[in-house]
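Q: So that we are looking at the same thing, I have put the structure below in structure tokens.
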Amino acid sequence: MTIPPHIVVLTGAGVSAESGIDTFRAGTNGQPSLWEQHRIEDVATPEAFARDPDLVLRFYDMRRAAIQTKAPNPAHLALARLDAAWPGHVTIVTQNVDDLHERAGAHGVIHMHGEHLSAWCATCDTRTRWTGPLADRPPCPACAAPTLRPDIVWFGEIPYRMDDIQAALAGADLFVSIGTSGAVYPAAGFVRLARELGAQTLELNLERSQGSAWFDETRLGPASEVVAAWVDGLLG
Ligand code: BJW
């Protein structure tokens, strides 16, 4: 009996761009990107949070509210279809902090950079599902301390579930990178690692990423089209 290939999918901001969520680096649809509107050092580092917590909490409150008004697009739906119908194993690792993969129906998604809809208590280390604002310093539901922060991996912090990701990459037959610029490590290094461990590698993106040369194949176009076509091709 032949074992069906294990597919590891890595997604980035490009998979959610057509749902109306800003990418970080190059803007899309005439919109400036997030880092063109805000300096990384002011909002996405632990030092920024220590220096000006109100600014950082308001920035994430705004984005947490915004993602709840967005809907999954055909790329998220295609990946959920693959997750449900592929006879082998599918692991979806996302750098995205929105919940659009889950709302499309995907299961077991690894959020390596955290999640907007989760708050983390700096006092008792409890994580709580959170949909409202944090800037008004609500008490932690577990310990009542007013020390909740966004459950987001900022620059200089260690991404989540690296052991699970390494294990998935070690067992991957096919590694597919979707809508990520390849500018941020460790995710940018996954293609090299997957390749060294024996996987075929495929990039689906609007334009070539920084690590494009590491992929066996690149298919260019909007995620809503290229991801759906790739999944249709696999599922037949
Ligand atoms: C479309 C599309 C459409 C558009 N269809 N496609 C020097 C060298 C190497 C590394 C470092 C270094 N100095 C510091 C570091 C480490 C640092 C790092 O990588 N810095 C770089 C800037 C160089 N990394 C870290 O600090 C990380 N931690 C770490 O390394 O810990 C050490 C450690 C690791 C492992 C084990 C043990 C120890 C933490 C990184 C945290 C990243 N956090 C952010 C913010 C999250 C919160 C928030 O949302 O505010 O995560 S940064 C931001 O970038 C966000 C994203 O997840 C991440 C990646 O961005 P992504 O997804 O690639 O988006 P874009 O905008 O860059 O690209 C969009 C893509 O979509 C483009 O390619 C478009 O073409 C495409 N696209 N429309 C298809 N319709």
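The values are calculated or read from the model by the stated rules, or taken from the named source; none is laboratory data. Only a predicted model underlies this, so the values are computations on that prediction, with no experimental measurement involved. Note: ideal-geometry Cβ built from the backbone for every residue, glycine included; neighbour counts use all protein chains shown.
Q: When the residues of the range 170-180 are narrowed to those that are crowded, with 22+ Cβ neighbours inside 10 Å and outside any strand (DSSP E or B), which ends up farthest from the ligand (Cβ to nearest atom)? So that I can check it myself, show each step before the final result.
A: First, pick out the residues of the range 170-180 that are crowded, with 22+ Cβ neighbours inside 10 Å: 172, 175-180.
Those left that are additionally outside any strand (DSSP E or B): 172, 179-180.
Working: Ala172: 18, Gly179: 4, Thr180: 3 Å.
Only one residue fits best here, namely Ala172.
Q: Here is a further query. Looking only at residues that are within 19 Å of the chain's Cα centre (by Cα) and more than 10 Å from the ligand (Cβ to nearest atom) in the range 9-66, which one is farthest from Val153 (Cα to Cα)?
A: Initial filter on the range 9-66 (within 19 Å of the chain's Cα centre (by Cα)): 9-28, 33-35, 40, 43-45, 59-66.
The next check asks that each one be more than 10 Å from the ligand (Cβ to nearest atom); those that pass are 9, 20, 61-62, 64-66.
On the way: Val9: 20, Gly20: 22, Asp61: 16, Met62: 17, Arg64: 15, Ala65: 19, Ala66: 19 Å.
Among them, the one singled out is Gly20.
Q: Next question. Name the single residue that is surrounded by the fewest Cβ atoms within 10 Å (Cβ to Cβ) among those in the range 181-224 being near the ligand (Cβ under 8 Å from one of its atoms) and within 21 Å of Trp86 (Cβ to Cβ).
A: Going through the qualifying residues, I end up with Ser224.
Q: Got at least one residue in the range 76-96 being surrounded by 18 or more Cβ atoms within 10 Å (Cβ to Cβ), at pLDDT below 95 and near the ligand (Cβ under 10 Å from one of its atoms)? Before the answer, list the steps.
A: Start the filter on the range 76-96 by keeping residues that are surrounded by 18 or more Cβ atoms within 10 Å (Cβ to Cβ), which leaves 76-83, 90-96.
Filter again for at pLDDT below 95, leaving none.
No: the range 76-96 contains no residue that is surrounded by 18 or more Cβ atoms within 10 Å (Cβ to Cβ), at pLDDT below 95 and near the ligand (Cβ under 10 Å from one of its atoms).
Q: To continue, here is another question. Would a scan of the range 23-38 turn up a residue that is closer than 21 Å to Met112 by Cβ and modelled with pLDDT of 95 or more?
A: First pass over the range 23-38, keeping only residues closer than 21 Å to Met112 by Cβ: 23-25, 33-35.
Checking the rest, the ones that are also modelled with pLDDT of 95 or more come to none.
No, every residue in the range 23-38 fails to be closer than 21 Å to Met112 by Cβ and modelled with pLDDT of 95 or more.
Q: If you check every pair at least six apart or on different chains, which have Cβ atoms under 7 Å apart with a residue in the range 34-48 that is assigned to a loop (DSSP other than H, G, I, E, B) first and a residue that is exposed (fewer than 14 other Cβ atoms within 10 Å of the Cβ) and modelled with pLDDT of 90 or more second?
A: Note: pairs meeting the criteria are Ala44/Phe155; Thr45/Phe155; Thr45/Gly156.
Q: List every residue pair whose Cβ atoms sit under 6 Å apart, with the two residues 6 or more apart in sequence or on different chains, where the first one lies in the range 159-182 and is touching a residue at least 40 places away in the same chain (Cβ under 8 Å) and of a type in the set (Gly, Ala, Ser) and the second, anywhere, is in a strand (DSSP E or B) and more than 10 Å from the ligand (Cβ to nearest atom).
A: Sorted first by the residue in the range 159-182, then by its partner, the pairs are Ala168/Val8; Ala168/Thr91; Ala172/Val8.
Q: Still on this model: Considering only residues that are touching an Asp or Glu at 6+ places or on another chain (Cβ under 6 Å) and of a type outside the set (A, V, I, L, M, F, W, C), which ones fall in the range 176-208?
A: Of everything in the range 176-208, those that are touching an Asp or Glu at 6+ places or on another chain (Cβ under 6 Å) and of a type outside the set (A, V, I, L, M, F, W, C) turn out to be Ser177, Gln200, Thr201.
Q: Return the total of residues in the range 42-63 being farther than 23 Å from Val184 by Cα and polar (S, T, N, Q).
A: Matching residues across the range 42-63 total 0.
Q: So which pairs qualify, if the first residue must be in the range 50-68 and more than 13 Å from Leu148 (Cα to Cα), the second must be part of a helix (DSSP H, G or I), the Cβ gap must be under 7 Å, and the two must be at least 6 apart or on different chains?
A: Leu55/Asp42; Leu55/Val43; Phe59/Val43
Q: Oh, and also: If Trp154 satisfies all but one of (1) under 25 Å from Asp52 (Cα atoms); (2) away from the ligand (no atom under 16 Å from the Cβ); (3) within 14 Å of the chain's Cα centre (by Cα), what's the number of the condition it fails?
A: For Trp154, the exception is condition (2).
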